[in-house]
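Participant: Before I ask anything, let me first share the structure, which is written out below as structure tokens.
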Amino acid sequence: MFPRKFKLFTLPLLLACPAMAWAGGEMGDPDHVDTGTPYFGFVKDADGKAVVDAKVTATVKDGTRLIARTNLTGMYNFGPLNENVRPDDVLIACSKDGYKQTRVIRRPPSPNSTVKAVETECRLQRG
């Protein structure tokens, strides 16, 4: 149906974007934009290689849970959360069948940075 060249170009592009497509977002008012802190990061194995299609869960202190999946580079992204959610009230965890979580490295935003995103790297080990 589609030329081979089209498939070879388009498939990697589509696979690289699932974290943004699946990550949080408000249901309801389409004009609503949260202005709180965004969360993003990477899921890597023990050797530092990207873990594709890992499940990343952001659990907010109030019980809210958001789920994202990593893309081909192991990256996930939760867009800005509600401005009332403090970064210390969000726990990031990762999982994938055949792996166990071994470490979570959190990098808060730099005080001098104009972007106030919180980066979290999850490490998984086979087993």
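We did not get these values from a lab; they are worked out from the coordinates using the rules stated. Note that the coordinates shown come from a computational prediction; the quantities given were computed from them, not determined experimentally.
Participant: Can you tell me the alpha carbon radius of gyration of the stretch 33-113 divided by the globular rule-of-thumb value 2.2 N^0.38 Å?
Facilitator: Ratio of Rg to 2.2 N^0.38 Å for the stretch 33-113: 1.12.
Participant: Could you go through the stretch 102-109 in sequence order and give the Karplus-derived ³J(HN,Hα) for each residue, using 6.51 cos²θ - 1.76 cosθ + 1.60 with θ = phi - 60°, rounded to whole Hz, and x for Gly and Pro?
Facilitator: 10, 7, 10, 10, 9, 10, x, x
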